[in-house]
Every structure is written in C-alpha cells, then in structure tokens.
Amino acid sequence: MDFKFYWYISPTWKDGILRPRCSMLNVDEALNIVNFLTDDEGLGVSHLQKWIKNGLEEIDKISKKEIIEYDMWGQTLGALISLDKVIIYWGDEEYPDDYLEFDQFKIILSNWYDFLLSEPNISNEVYFSV
C-alpha cells in the first residue's frame with residue numbers, strides 16, 4: 001500500500017486553514033484507513049494529534065501484551081486493534097470493514113502522527129509504502 005500525506009485548504013471551508021489529508025496511491029478504491037486517519041469531524045489538528053497519540057500508546061500496550069485489544073473509535077470510524085489483525089469499521093453494516101495487519105497499521109498510524117506534528121505547509125508532502 002502506497003500513501004501520500006499532505007496539507008490542503010478545503011474549498012468548502014472558508015477559513016483558509018490548512019488541514020491534513022491522506023491518499024492511497026495506485027488503488028481504484030481507497031481503504032477505510034484513509035477516512036479513519038482524518039476522522040476529526042471538524043475538531044481540528046490538535047484533536048487528531050491527541051487521538052492518534054492515545055491510539056499509539058494503546059498499540060504499544062498491545063505490543064507488550066499488557067492488553068489484548070483496543071477499540072480506537074474516532075468520530076465516525078473505528079479500529080478494533082489486536083495483534084492478530086486490525087479491523088477498520090464504520091459501525092454501519094452498509095459499509096464493509098477493512099482488515100490490516102497489526103504492523104501495517106502501527107506504521108501507518110506512526111507516520112500519520114509524525115506528519116500531524118509537522119509544520120502545516122502546502123508543499124509538505126510525505127510518501128511511503130507498507
């Protein structure tokens with residue numbers, strides 16, 4: 001899976017604030033992870049930073065086998081995380097779940113967190129593969 005993280009100014013928001021975005025490259029239809037990462041429902045970057053940081057702390061506990069699983073619920077999507085697999089879900093049967101390997105999810109989330117901490121800049125783009 002190839003990802004691109006970037007900052008953009010939404011045409012629907014008139015405040016001119018740069019917001020973080022995520023795209024999957026070389027795919028016909030993006031996985032739920034793209035929407036999951038940006039799932040702030042307008043609460044902003046600081047909300048995403050705190051939410052992702054908390055998720056990474058819980059993932060570390062799973063890695064150390066201190067807990068078996070963690071349900072990382074956002075505003076509209078969730079991720080049920082365990083060492084066996086990660087299920088990204090909408091909480092609505094109309095939308096199918098997506099499945100990722102634990103290590104893939106951890107890498108994506110870690111890279112996203114680092115990106116959220118970076119300077120918002122329209123030329124700031126990050127590309128990586130998992």
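Go through the stretch 3-26 and report how many residues are open to solvent by 50 Å² or more (accessible area, probe 1.4 Å), over 12 Å from Phe115 (Cβ atoms) and either in contact with a Phe, Trp or Tyr (Cβ under 8 Å, 6 or more places away or on another chain) or among the small types (Gly, Ala, Ser) (or both). The total comes to 1. Does Tyr70 count as in contact with a Pro (Cβ under 9 Å, 6 or more places away or on another chain) and not in a helix (DSSP H, G or I)? In short, no. In this structure, does Ile81 turn out to be in a helix (DSSP H, G or I) and farther than 25 Å from Ile122 by Cα? For Ile81, the condition - in a helix (DSSP H, G or I) and farther than 25 Å from Ile122 by Cα - is not met. Only one of the listed residues (Asn35, Asn124, Asn54) is of a type in the set (S, T, N, Q) and in contact with a strand residue (DSSP E or B) (Cβ under 6 Å, 6 or more places away or on another chain). That residue is Asn124. Only one of the listed residues (Glu66, Glu29, Glu94, Glu41) is of a type outside the set (Ser, Thr, Tyr), surrounded by fewer than 18 Cβ atoms within 10 Å (Cβ to Cβ) and modelled with pLDDT of 95 or more. That residue is Glu66.
The C-beta contact set for the stretch 73-85 (first residue loosely packed, with under 15 Cβ neighbours inside 10 Å, second residue among the hydroxyl-bearing types (Ser, Thr, Tyr), distance under 6 angstrom, 6+ apart or interchain) comprises Lys85/Tyr99.
Of the residues making up the stretch 101-116, those that are crowded, with 16+ Cβ neighbours inside 10 Å, out of contact with any Leu (no Cβ under 6 Å at 6 or more places or on another chain) and within 10 Å of Val86 (Cα to Cα) are Phe105, Lys106.
Here Lys64 fulfils each of the conditions (1) touching a residue at least 24 places away in the same chain (Cβ under 8 Å); (2) on the phi < 0 side of the Ramachandran plot apart from (1).
The values are calculated or read from the model by the stated rules, or taken from the named source; none is laboratory data. In this text, all values refer to a predicted model and were calculated from it rather than measured experimentally. When we count neighbours, we look across all protein chains shown, and the Cβ atoms used for this are built from the backbone with ideal geometry, even at glycine. In case anyone asks, the SASA skips ligands and DNA or RNA and just uses the protein heavy atoms, side chains included. Shrake-Rupley method; radii C 1.70, N 1.55, O 1.52, S 1.80 Å.
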